[in-house]
Ligand code: G
Ligand code: G
Ligand code: MN
Ligand code: NA
């Protein structure tokens, strides 16, 4: 069986789930958001990394179903946490460039899921990679605007790995830049990485965007990012991506 056929079956057989990785504000120390990451536990292959199956899903068109599954699960879960009286924070779902290219389906899925779950739209966010955003920027800007009208905010993910024109970036009505973890990894030892992160933080501030550093793995990373004026962090140092139950537990402890 090909990976594609296995994946097709996985969606129908409930082998996919969402894990949640918290994002922390460096000023307050509070959890201010979470990123949802798809997980596939295959009965014959075991855990399959999204790095391996997302490209297959994009090529085959299965990505639309996976995204709709994630939106559905995340919105339902967030609403459920709210009903339990837990701290309420937005959940961000990753979307791929292809979904922005043919955005009607994405927009109607968002609308349907918000309506079905009765989740207020500002608790749902989307992450679009820098390279996808810049590939057809005019279209992506139009889609981000439509999402914004629905109350759904967008972040630019993996920032620094694509080729942003600053004049184009400033036209995106986004709230947040997420600095790719490849720059954070060696930030304390590689002066070039430190300079790049410094420049991204300064640029984000100039554009009045929040900036999140990804892949923060230790106290040294955190301290260094703080001195550069970075707003928020995400990474193993604070928490790995967690299954829903563990994320709910973390939210309940912070209520
Ligand atoms: O969680 P992990 O490090 O294994 O994710 C690997 C890659 O897969 C990351 O680039 C991440 O953005 C991507 N990814 C994880 N979950 C999703 C998802 O639900 N949709 C899309 N399009 N990409 C995802
Ligand atoms: O491309 P995107 O930023 O959406 O992917 C996030 C990916 O990074 C996920 O696969 C997630 O599991 C992974 N990740 C999250 N925190 C860390 C970290 O601190 N270190 C490393 N190496 N990977 C991380
Ligand atoms: Mn992401
Ligand atoms: Na990223």
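Among the residues of segment 164-180, those identified as more than 18 Å from residue 100 (Cα to Cα) and more than 14 Å from ligand 4 (Cβ to nearest atom) are 165, 166, 167, 170.
Any residue that is within 15 Å of ligand 1 (Cβ to nearest atom) and in contact (Cβ under 8 Å) with a residue 12 or more places away in the chain - is there at least one of those in segment 197-210? No - not one qualifying residue is present in segment 197-210. Out of segment 17-46, which residues are over 27 Å from residue 216 (Cβ atoms) and either in contact with a helix residue (DSSP H, G or I) (Cβ under 9 Å, 6 or more places away or on another chain) or in a loop (DSSP other than H, G, I, E, B) (or both)? 42, 43, 44, 45, listed by residue number. If residue 183 meets every condition in (1) touching a helix residue (DSSP H, G or I) at 6+ places or on another chain (Cβ under 6 Å); (2) away from ligand 4 (no atom under 16 Å from the Cβ) apart from one, which number is that one? Result: residue 183 fails condition (2) only. Inspect all residues belonging to segment 230-245 and state whether any of them is over 20 Å from residue 93 (Cβ atoms) and more than 10 Å from ligand 2 (Cβ to nearest atom). The answer is yes; a qualifying residue exists. Counting only residues that are closer than 16 Å to residue 74 by Cβ and either touching a residue at least 12 places away in the same chain (Cβ under 8 Å) or in contact with a helix residue (DSSP H, G or I) (Cβ under 9 Å, 6 or more places away or on another chain) (or both), segment 235-249 holds 6 of them. Within segment 47-103, the only residue that satisfies the criterion of being near ligand 1 (Cβ under 9 Å from one of its atoms), outside any helix (DSSP H, G or I) and surrounded by fewer than 18 Cβ atoms within 10 Å (Cβ to Cβ) is 49.
Only the coordinates and a few stated rules stand behind these numbers; no lab work does. What you are looking at is a predicted structure, and each value in this text was computed from that prediction instead of being measured. Cβ sites come from the backbone with ideal geometry, for glycine too, and all protein chains shown count toward neighbours.
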